[in-house]
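The values are calculated or read from the model by the stated rules, or taken from the named source; none is laboratory data. Since the structure is predicted, the reported quantities are computational estimates derived from the model, not experimental observations. Every residue, glycine as well, gets a Cβ built from its backbone with ideal geometry; the counts of neighbours run over all protein chains shown.
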Amino acid sequence: MKQMIKITPSEEYAIVQASLTNPSEFRVIYERYYADVFRFVFSKVNDSDQTADIVSNTFVKVITKLASYTYKGYSIKNWIVRIAYNETMEFFRKSAKQPTVSIEDENLQHIAEELEVDRGLTFYEICPFLDRLDDQELTLIELRYFDRMKIREIAEIMDFTEAKTRVVIHRILKKLNKQIKEEVQHEQ
Amino acid sequence: MSNRIYTNNKPKITDAEIDAYQDFDAVLNKVTANTGPNPSPESVGTSYLKDIVGWGKGLAIAAVGAVAIWFGISTMGTGADTSNNVVVADSTVAEEQFVAPIQPPIPGAETQYTTYTIDAQKSQKIITDDGTTVSIEKNTFVDADGNTIVGEVEVLFREYHNPLDIFKSGIPMEYDSAGQVYTFESAGMFDLQAEYKGERVSTFAKERVVDIVGENRSTKYNDYYYDTTTRNWSYLAKSTLNPLEETEDEGSLEAEVPTAIASEIEPAINTPAPTQPTMPKLPALLSAKYAFEAEFDARKFPELYKGCVFQVDETQSTFSPAYYSVKWDMVELTPMDVSNRYNLHLEKGSQVMDVQCFPAITQQEYNRVKKAYDDSLQVYQQWQAAQPTAQQAGWGDHFLAEEEYAIMNSVNTRRVRARLPGVYNCDHPMFAQKYMGDRVQATFIDAAGQTVAPIRNYVVERGFNALFSARNNNELLLSKQKKLIVWVWTQDHQIGLVRGDQLTQYSKTETFDVELYDSREGLAMLEKLL
């Protein structure tokens, strides 16, 4: 297991500022978050070579866009993940490849509770409903219930306010809940 | 199902496999190849790049075509085949030469869009955090082929209400009308866009009505649209001032306000404010040679004494007796931000005049009203002494101060009809030099005595919603009578603030000391000052 040096958000920001004039300074942050970004992209792309290309492009963009990064007292990681997310979506738009949505059983239970479906949901039951969501809606559900991220982290990735993130996720759940209930009634 | 693959077997990859792909040097090489080692902020701005993608391509292609033709002619004699590599090289040149019409000086610092997802088949009203409403009729959106868009559309909206917002936006505030350049004083500006499936919608089938919130009640403003092709503002119509409407709950998309905060704000807003007498003002005694009578609506100008005249402030405005004999098409009196000062706006054909004045009365009238004034003042002071403090009133921190209440009551909306996506502005064009008065050849030096090279300089009068910016970077438009804030945006991407004490005493050629800040610190300083 690789030993990671601990860096505080303010130390990261000092590195960011140094990288504006000397991009090689960014190596520390690159090495620190490479694996996290890789896993995030890989969970959607499900191909390691394609993921490596996307992650490489992500870091190129991150370094060239450093001047536009706004330090808010948090780690730069989620800002990098936001760029990785945009790069991944761009990859799917340009290629014929289909994005992968991974739903593990424990997460299935988690979202069933949020949707107030007492009897729980099976993988095959929930997929048709998730499929009606647009890309952004599905990403929000994935980040919140499948990747178990905090609202603040999701807000940083999606470039929303925390309040907006809460409200949008609430609306998506409400929509899913309504659709599931209608389906149940229809079956009865 | 759509084009997604759902799996309950999450793809697995080991740390060792991931590590094998790490190659920071390769990333660094790409960065250097793309932008050089020190990319400028202008070249990396996220939102501005997004904005120019759609039609920037057109310009780039046009430029490629032009260069390719030139190259063809110049190599005709040699017979060399250049068809393959020319286009690649020149397309790079064309893209580098392209300058976006709207360039935020500090990419990322500009007001960001708020996104509202709406159903294109439903008529809806968006309400922003600032209280501006965007009314969208159903079937407003059409795609590039003119087909009505079906499904969800993302409406992107942002508004600019003060000089700092305007500075950060990079939106040009100069208006070229038949070769005459004016500076805009803004009563509200917004940027409205829409996206469908990640692509910008380029036109609307129906007008979208935007009621933008503002505090300025003057009727002297016009509506303009910023045409990114001609890079100039297009006049649309005379600005329409509405009383603030009650917002409708049904069908509205309110910007998200956390419930906890909303419940704290509401009691303060809904609690009826005590009836507040207006502080009486004693009219000045008429003393100058130029004055005029003007009819005014006492409900709009409760502070004015009925029967007062308006004396021209000759320190601020030039006035000629010949103006008395002109039959003006339009005469309008507007309170200025400076206490007890009014702007008299006169128009006849192409002749437009603005005269600064203040209310005054004759000696005889003065004696008579002095007593009435003293009585009124006593009533006002008694009322003021009887007002409970914030804590006594039970409103805690949310007590609305007199000033805040006045702001709340002065809020109006201006109705703008948007047919195209883009930037709209309710503005009053004005001659900057005439308004300021002094044109100064300026040199700027930093604390180390080094000359600072500005890309552009900016002047803002406190309390006045305009951003003055001289085209010549070493030229400043100043006024010793106005409270000004002046800064330069340097070639090193720094903000240089000119010390305030230097703005009251200067000559026609002046050296100004500036305090240099990096862009973020500079913005924070400006936020405090403005």
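Out of the residues in the range B:5-26 meeting the condition of being at the interface with another protein chain (Cβ under 7 Å from one of its Cβ atoms) and assigned to a loop (DSSP other than H, G, I, E, B), tell me which one is farthest from A:D135 (Cα to Cα).
Filtering the range B:5-26 for residues that are at the interface with another protein chain (Cβ under 7 Å from one of its Cβ atoms) and assigned to a loop (DSSP other than H, G, I, E, B), the one farthest from A:D135 (Cα to Cα) comes out as B:Q22.
Output the qualifying pairs, or none if there are none: Cβ atoms under 8 angstrom, residues six or more apart or on different chains, first residue in the range A:137-157 and within 14 Å of chain B (Cβ to nearest Cβ), second residue small (G, A, S).
Short answer, once both residue conditions are applied: A:F146/A:S102; A:D147/A:S43.
Test A:A84 against the stated conditions and say whether it is more than 9 Å from every other protein chain (Cβ to nearest Cβ), out of contact with any helix residue (DSSP H, G or I) (no Cβ under 7 Å at 6 or more places or on another chain) and either crowded, with 19+ Cβ neighbours inside 10 Å or at pLDDT 85 or above (or both).
So A:A84 does not fit the description; no.
Find all pairs meeting these conditions: Cβ atoms under 8 angstrom apart; at least six residues apart or on different chains; first residue within the range A:9-31 and without any contact (Cβ under 8 Å) to a residue 24 or more places away in the chain; second residue among the charged types (D, E, K, R) and part of a helix (DSSP H, G or I).
A:I15/A:E25; A:A18/A:E25
Might you let me know whether the range A:117-137 holds any residue that is closer than 30 Å to B:K30 by Cβ and part of a helix (DSSP H, G or I)?
Yes; the residues of the range A:117-137 include at least one that is closer than 30 Å to B:K30 by Cβ and part of a helix (DSSP H, G or I).
When you check A:T70 against the structure, is it free of Cβ contacts under 8 Å to residues at least 40 places away in the same chain and either out of contact with any Gly (no Cβ under 8 Å at 6 or more places or on another chain) or in the same structural domain as A:L138 (by TED's automatic domain parsing) (or both), yes or no?
So A:T70 does not fit the description; no.
Look at the range B:158-185 and say how many of its residues are of a type in the set (A, V, I, L, M, F, W, C) and surrounded by 21 or more Cβ atoms within 10 Å (Cβ to Cβ).
Count: 5.
Would you mention how many residues in the range B:476-507 are more than 23 Å from B:S519 (Cβ to Cβ) and charged (D, E, K, R)?
Adding up the residues that qualify gives 4.
What about A:S19, is it closer than 24 Å to B:L523 by Cβ, over 18 Å from the mean Cα position of the chain (by Cα) and more than 8 Å from every other protein chain (Cβ to nearest Cβ)?
Here the answer is yes, as A:S19 does meet what is asked.
Might you let me know whether the range B:242-257 holds any residue that is over 30 Å from B:Q378 (Cα atoms), assigned by TED's automatic domain parsing to the domain that holds B:S202 and modelled with pLDDT of 55 or more?
Yes: one or more hits.
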